[in-house]
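**Q** I'd like to ask some things about the structure below.
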Amino acid sequence: MAELIVTQLQASYGSVQALRGVDLRVGSGECAALLGANGSGKTTVMRSISGLVRHTGSITLDGKPLAGDPGKIARSGIGHVLEGRHVFTGLTVRENLELGRYGAGKRSPSELTAVVDAFPVLKQKIRRLGSQLSGGEQQQVAIARTLMARPTVLLLDEPSLGLSPVVIDQVAEAMTRIRAEWNTTMLLAEQSTSLVLALATHFYVLQRGTVSYSGTEGSQVLWQEVHRAYLGADPAA
C-alpha cells in the first residue's frame, strides 16, 4: 500500500508564495497528474513532497507523516525524477542505474533486470556512456535509475520535456508496465497530453499555487479547466 495525501501545502521562495494550500490525494497504485502552466506550482509540489523545499501543511504516506531530509524521505519509499536530464555522462548506462540503489536502502539485483526489461532501448545500450545517448535515452536512464530503488511512490516532473512523440510513447509504455507489475503509486507533473492520457486517471489543475479543479478521466469539464489554466479562457470563448 502507498497512499499519498497532501493537505494544505504551502511553500514560498523568499517573499513569493508558490503554493497556497494545495490538497491532493493519490491512492495506492494510482497515477494522478498535476496540470497547469509554467509557474503554477507543479514542481514546487513535487519538491515539497521529496523534502527539497521547505513547506508547511501535512504530507502523509499510508497515514504516516512524511518529513525529514531528502535522504530519509527517499528511504521511506519516495522516488523523484527531477525535471531535466540528470545523467552522469562519464558513466555507462549500467553504472548510472546502479547508482540508483544508493541512499534508499538495500535492494536485490533483480531490480536491474526488471527495470531494464521495462526500457528495452537501455537494455540494448547498457554499456554505452551517458554522453553517447540521445536526449530521449538519457531521460529514460534518469527514470530507470530512480526505479532502481523500487520506490512505492514515484514523482515524475515533466518527463516528456524535449522528447519526440515516439520516445514519449516508449516512456508511457514503460511506466504502464512498472505500475502494473509493482503497483507503484505515481504523481505526474506534465504538459504532454498524450502522456497524461496514457498514464493518469486522476487530475489536479493548478493555478497560482492552488488547486482550481480536480477530476477523473473522461471529464469534459476537466479539459475546459486545463484550457483555462494555460490560456486564461474557455475553449469556446
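**Q** Where only protein heavy atoms count, and the probe is 1.4 Å, what is the accessible area per residue for the chain in Å²?
**A** Details: 11000 Å² over 237 residues.
Accessible area per residue: 46 Å².
**Q** Once you charge only the Cβ atoms, +1 for Lys and Arg and -1 for Asp and Glu, what is the size of the charge dipole of segment 33-115 about its Cα centre, to the nearest 20 debye? Intermediate values should be presented prior to the final figure.
**A** Working: 11 positive and 6 negative charges, 28 e Å.
The dipole magnitude comes to about 140 debye.
**Q** Let me ask something else about it. Which percent of the accessible heavy-atom area of the chain goes to carbon and sulfur, probe 1.4 angstrom?
**A** Looking at the chain in its full context, I get 51 percent from C and S.
**Q** Dipole size in debye (nearest 20) for the chain around its Cα centre, Lys and Arg Cβ +1, Asp and Glu Cβ -1?
**A** Values: 23 positive and 20 negative charges, 156 e Å.
That gives the chain a dipole magnitude of about 760 debye.
**Q** Given only helices, namely DSSP H runs of n ≥ 4 each adding -39500 (n - 2.57), what is the per-residue ellipticity at 222 nm of the chain, to the nearest 500 deg cm²/dmol?
**A** Taking each H run of at least 4 residues, the total per residue is -10500 deg cm²/dmol.
**Q** Now for a separate question. Please label the shape of segment 1-75 as rounded, prolate or oblate, based on the square roots a ≥ b ≥ c of the eigenvalues of the alpha-carbon gyration tensor (a/c under 1.5 means rounded; beyond that, a/b larger than b/c means prolate, else oblate). Each step should come with its number before you reach the end.
**A** On the way: a/c = 1.86, a/b = 1.30, b/c = 1.43.
The shape class here is oblate.
**Q** For segment 179-192, just list the computed ³J(HN,Hα) in residue order, Karplus coefficients 6.51, -1.76 and 1.60, θ = phi - 60°, integers in Hz, with x standing in for Gly and Pro.
**A** 5, 5, 7, 10, 6, 6, 7, 10, 10, 10, 9, 7, 10, 7
**Q** Straight-line reach from K64: which aspartates and glutamates fall under 13 Å, measuring Cα to Cα and dropping same-chain residues less than 8 apart?
**A** The reachable aspartates and glutamates, counting only those whose Cα sits under 13 Å from K64, are E3.
**Q** So for segment 15-129, what are the equivalent ellipsoid semi-axes in whole Å, largest first, each being the square root of 5 times an eigenvalue of the Cα gyration tensor? Display every interim value, and only then the final one.
**A** Working: eigenvalues 177, 60, 41 Å².
Semi-axes (√(5λ), whole Å): 30, 17, 14.
**Q** Given H placed on each backbone N at 1.01 Å, which residues far from S76 in sequence or on other chains put an amide H within less than 5 Å of it?
**A** none
**Q** Tell me which label goes with the value of P(r) over Cα pairs in 10 Å bins from 0, in percent computed from the coordinates here: [x] 6, 26, 30, 24, 12, 2, 0; [y] 7, 28, 32, 24, 9, 1; [z] 8, 33, 36, 19, 4, 0.
**A** For P(r) over Cα pairs in 10 Å bins from 0, in percent, the calculated option is [z].
The values are calculated or read from the model by the stated rules, or taken from the named source; none is laboratory data. Note that this is a predicted model, so its numbers are computed, not measured. Positions of Cβ are generated from backbone atoms using ideal geometry, with glycine treated the same way; all protein chains shown enter the neighbour counts. The area values use the complete protein model at the heavy-atom level, side chains included, leaving out ligands, DNA and RNA. Shrake-Rupley method; radii C 1.70, N 1.55, O 1.52, S 1.80 Å.
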